[in-house]
Amino acid sequence: MKKILIISMALLLSVIFAGCSGGSKVDDNLTMEKFTKAFTDAGAEKKEEKPMFSMIKAKDGEMLYLKNNPVKLYEFNDPSEIKDIKKEFKQMEDWPVRGNFMLESSNAEAREIFAKVE
């Protein structure tokens, strides 16, 4: 009886730990191309100019215009870099983040598109 109880407890714990590990999140599969496509599909125009992404220590950036409003997308190597940069630059505190990506735009539609990218 003790063996059955121990085995069932071990099995239960392994299921709990596997469920809590989270696996891969949707945000892990995000790319700059997915964000750019979502914005261009919504009518944004991609410009050849790039935002000054290196100034905020991002590895890449894209600039689009959604209804004549600038939309800047920044890609970082790791989400922890975004946390660090937000501490350094207080004006970025309310910029939305998804995985390794951060959006600079005050446009509500741009924020909605950014939040829905899969």
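Give, as residue ranges, the helices (runs of 4 or more DSSP H) completely inside the stretch 21-118 that count at least 1 residues that are surrounded by fewer than 19 Cβ atoms within 10 Å (Cβ to Cβ) and in contact (Cβ under 8 Å) with a residue 60 or more places away in the chain.
Output list reads 32-41, 108-116.
Kindly check whether there is at least one residue in the stretch 26-35 that is among the hydrophobic types (A, V, I, L, M, F, W, C) and at pLDDT below 85. The answer is yes, given that some residue of the stretch 26-35 is among the hydrophobic types (A, V, I, L, M, F, W, C) and at pLDDT below 85.
The values are calculated or read from the model by the stated rules, or taken from the named source; none is laboratory data. These figures come from a predicted structure and were not determined experimentally. No Cβ is skipped: glycine too gets one built from the backbone with ideal geometry, and neighbour counts run over all protein chains shown.
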